[in-house]
Amino acid sequence: MVVDPAIILVSEHHADVLLDEFRSRYQRDYELRTATNTAQAEEVAREIGDAGGQVAMFVTDSRLPDVDHIFAAIHRWRVVVPTARRVIAAHWDYFLADGPSLRIGLAKGKYDAYLLMPRGKRDEEFHHAITDLLSDWTSTVPQPEVVTAKIVSPARDSLTMAIRDFLDRMGMQNRVWHPDAPELQDYLAGIREQLGVEELRWPLVVAANRVPIQATSVRDVAISINGRPGDLKIDEVVDLAIVGGGPSGLAAAVYGASEGLSVVVLDAEAIGGQAGTSSMIRNYLGFPRGISGMRLAQRARNQALRFGTQFFTGWEVTALEPGGEGSPHLLRCDGGEIRARTILISSGVTYRKLGVPALEDLVGAGVNYGAAMTAAREMEDYDVVVVGGGNSAGQAALHLARFARTVTIVVRRPRIEETMSQYLVDEISYNERIEVRPCTRVVDGGGAGQLEWLCLEDTVTGERTTAQARGLFLLLGAEPRCDWLPQELARDKNSFVLTGRDVPRDQWVDGLPPANLATTVPGIFAAGDVRSGSMKRVAAASGEGASVVPLVHAYLAPTPEDEVTTPVS
């Protein structure tokens, strides 16, 4: 029997108000429980957990009778159910009075939202916040109830986990089944008949309304969902071809297509780039409660689709051939070509390799490059290590702390404040499950087919210690994806694309540098992390992508001698 997840409503005097409001909207899908104080709510949460259920959310008044401050109550509930979302819904009599002291807790990550308790029907602002948080909980904590992609595999190996991560980033709910599961036997027999094989190879992937595939790579899955590159022909010359579907590419697609340009976006992986792997971005303008990178990317993709952008994921661009005088540029892809009047290079960066052979052999078996949100559920009650000092590492650590027993952030620098946003530093310092180890690096590790231990070295003293670890998440800085670019495009010593005044003076035209986001090849632009000197922030990348569009319009505009003048009669 499937038990609905619970929402626990806590208030000494106003639990009935909260219950009436939640009953009208959420009773069908959630078990609604009430409590009048901290201890009672804690007892209810333990009772639900002991029965095999899940608590999705605590919604509490800002004042409770058995604690001096509501933060003490929230901390106790967090210990019992670290994955639950936490909302303070203050009564209107003291909402303004309690606000200043409570809002400090938002910056520390003590709770997720500070709201005014509803005063009547149709308080849509209140429910928008609640459903946003429940949606985030549903996408990251429980196994999905509605599955759009089935994965059948006897092992949680690197390929199976990579496929899961790809499907998660594409917004496709998925689950993994063991091929020996009794309920699958008739189903698998039908697939063997459909594919005309006697024995199936694993992993088997069955996406909605697609032919089942015996995947050998993530690319196989991308092709099964989107079609083979050779099947997706674009005969006309497009105005703007965008290589890379991260924040900068998506922003350019939205603004370009909305202004009448024909736009194509190509991405070798899932839409969203590195930002798409972030569990929660809290400092992006307009999202006060934060938004996951996957959701931000999918919303931007849908926005661009609305204006006519064509998306092709699983298309790896292998070469760019600049056009000559009046001829379009050419992008070569596996199985096809795209001709474009202008091109935006927004292919982003990849994480640097750790370079420890024993750990490279365990990639997918506890060792992960990137945030790997899919793997977080697998880390419940284990010890994990995150390597990196940037925002992505901080976001990954906070997400993992909802599941893992302990999270250790390993950085070479003396302090994470040097490279990480302050809001993340504050949340990490508050979270009792997270420890930061500065001046430290990972030098070894291993396990019997699965990561079990790591060797950490103090970069100052040279002292080495061994620690248990079931998960290692490597977010080691960035290397640009530029091996497919032609020599005509100037790059810096680290291979990032040069634009604007950063282009060497000997490549300026008539003593003038290219426009701010223009490269050394007319009609080819660069934005986002692949660009030399970029800020490496989601908002900055989005701004650069949007700023490319006026430059595209200017490049495509007819020159004065091309304009046809009508004589005045």
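The values are calculated or read from the model by the stated rules, or taken from the named source; none is laboratory data. Since we're looking at a predicted model, the values are computed, not measured. Please note: Cβ atoms are built from the backbone with ideal geometry, for glycine as well, and neighbour counts cover all protein chains shown.
Does the stretch 351-366 hold any residues that are in contact with a Gly (Cβ under 9 Å, 6 or more places away or on another chain) and in contact (Cβ under 8 Å) with a residue 12 or more places away in the chain, and which are they? Answer for the stretch 351-366, where residues must be in contact with a Gly (Cβ under 9 Å, 6 or more places away or on another chain) and in contact (Cβ under 8 Å) with a residue 12 or more places away in the chain: Tyr351, Arg352, Val356, Ala358, Leu359, Leu362, Ala365, Gly366. Within the stretch 184-210, the residues that satisfy the criterion of being at pLDDT below 90 and surrounded by fewer than 18 Cβ atoms within 10 Å (Cβ to Cβ) are Ala208, Asn209, Arg210.
Out of curiosity, is Val254 under 17 Å from Ile524 (Cα atoms) and in contact with a helix residue (DSSP H, G or I) (Cβ under 8 Å, 6 or more places away or on another chain)? No: the conditions fail for Val254. Screening Val81, Val87 for residues that are surrounded by 15 or more Cβ atoms within 10 Å (Cβ to Cβ), at pLDDT 90 or above, β-branched (Val, Ile, Thr) and in contact with an Asp or Glu (Cβ under 7 Å, 6 or more places away or on another chain) leaves exactly one candidate, Val87. The number of residues in the stretch 148-170 that are in contact with a strand residue (DSSP E or B) (Cβ under 8 Å, 6 or more places away or on another chain), in a loop (DSSP other than H, G, I, E, B) and either not aliphatic (A, V, I, L, M) or not assigned by TED's automatic domain parsing to the domain that holds Ala181 (or both) comes to 3. In the stretch 283-294, the residues that are assigned by TED's automatic domain parsing to the domain that holds Asn391 never reach a residue that is part of a strand (DSSP E or B) and at pLDDT 85 or above with C-beta atoms less than 8 angstrom apart, at least six apart or across chains.
Here Tyr423 passes the criteria (1) under 18 Å from Tyr351 (Cβ atoms); (2) outside the structural domain of Ser346 (by TED's automatic domain parsing); (3) in contact with a helix residue (DSSP H, G or I) (Cβ under 7 Å, 6 or more places away or on another chain); (4) of a type outside the set (Asp, Glu) except the one numbered (1). Of all the listed residues (Ala270, Ala340, Ala297), the sole one being surrounded by 24 or more Cβ atoms within 10 Å (Cβ to Cβ), at pLDDT 85 or above and more than 20 Å from Cys482 (Cβ to Cβ) is Ala297.
In the stretch 406-427, the residue that is surrounded by the fewest Cβ atoms within 10 Å (Cβ to Cβ) out of those that are within 22 Å of Arg76 (Cβ to Cβ) and modelled with pLDDT of 95 or more is Thr406. Restricting the search to the stretch 505-554, which residues are over 24 Å from Ser262 (Cβ atoms), part of a helix (DSSP H, G or I) and under 29 Å from the mean Cα position of the chain (by Cα)? Result: Asp529, Val538, Ala539, Ala540. Being closer than 13 Å to Val205 by Cα and of a type in the set (Phe, Trp, Tyr) is the requirement here; does Trp137 meet it? Taking the combined requirement at face value, the residue does not satisfy it. There is at least one residue in the stretch 105-120 that is basic (Lys, Arg), modelled with pLDDT under 95 and surrounded by 14 or more Cβ atoms within 10 Å (Cβ to Cβ).
Within the stretch 391-435, count every residue that is among the hydrophobic types (A, V, I, L, M, F, W, C) and part of a loop (DSSP other than H, G, I, E, B). Reasoning before the result, please.
Going residue by residue through the stretch 391-435, those that are among the hydrophobic types (A, V, I, L, M, F, W, C) are 393, 396-398, 400-401, 403-404, 407, 409-411, 416, 420, 424-425, 428, 434.
After this cut, where a residue has to be part of a loop (DSSP other than H, G, I, E, B) as well, the list is 401, 403-404, 411, 420.
Number satisfying all stated conditions: 5.
Could you say which residue among Val221, Val263 is crowded, with 24+ Cβ neighbours inside 10 Å, under 20 Å from Lys150 (Cβ atoms), modelled with pLDDT of 85 or more and not acidic (Asp, Glu)? Lay out the reasoning, then the answer.
Values: Val263 fails: under 20 Å from Lys150 (Cβ atoms).
None of the other options fit; the residue is Val221.
In the stretch 463-485 there is no residue matching the filter, namely being touching a helix residue (DSSP H, G or I) at 6+ places or on another chain (Cβ under 6 Å), surrounded by fewer than 21 Cβ atoms within 10 Å (Cβ to Cβ) and more than 30 Å from Ile409 (Cα to Cα). Note on the stretch 94-118: residues that are assigned to a loop (DSSP other than H, G, I, E, B) and either of a type in the set (D, E, K, R) or out of contact with any Gly (no Cβ under 9 Å at 6 or more places or on another chain) (or both) amount to 6.
If you check Leu424 against the conditions, is it touching a Ser or Thr at 6+ places or on another chain (Cβ under 9 Å) and not acidic (Asp, Glu)? Spelling it out, it is not the case that Leu424 is touching a Ser or Thr at 6+ places or on another chain (Cβ under 9 Å) and not acidic (Asp, Glu). Which of the residues spanning the stretch 143-165 are within 14 Å of Trp202 (Cβ to Cβ) and not hydrophobic (A, V, I, L, M, F, W, C)? Selection gives Lys150, Ser153, Pro154, Arg156, Asp157, Ser158, Thr160, Arg164. Elements of the type helices (runs of 4 or more DSSP H) sitting completely within the stretch 1-93 and holding at least 3 residues that are closer than 16 Å to Ala113 by Cα, of a type in the set (A, V, I, L, M, F, W, C) and under 32 Å from the mean Cα position of the chain (by Cα): these cover 70-80. Here Val237 clears all of (1) touching a residue at least 24 places away in the same chain (Cβ under 8 Å); (2) of a type in the set (Val, Ile, Thr); (3) over 30 Å from Ala540 (Cβ atoms); (4) not assigned by TED's automatic domain parsing to the domain that holds Glu269 except the condition numbered (4). Scan the stretch 151-165 and tell me whether some residue there is in contact with a Leu (Cβ under 9 Å, 6 or more places away or on another chain), of a type in the set (Val, Ile, Thr), closer than 29 Å to Ala268 by Cβ and in contact (Cβ under 8 Å) with a residue 12 or more places away in the chain. The answer is yes; a qualifying residue exists.
Against the definition (modelled with pLDDT of 95 or more, outside the structural domain of Ala375 (by TED's automatic domain parsing) and part of a loop (DSSP other than H, G, I, E, B)), how does Leu485 come out, yes or no? When the stated conditions are applied, Leu485 passes them. Taking each residue of the stretch 8-34 that is aromatic (Phe, Trp, Tyr) and looking for partners that are assigned to a loop (DSSP other than H, G, I, E, B) and buried (at least 18 other Cβ atoms within 10 Å of the Cβ) with beta-carbon atoms closer than 7 Å, six or more apart or interchain, yields Tyr30/Pro5.
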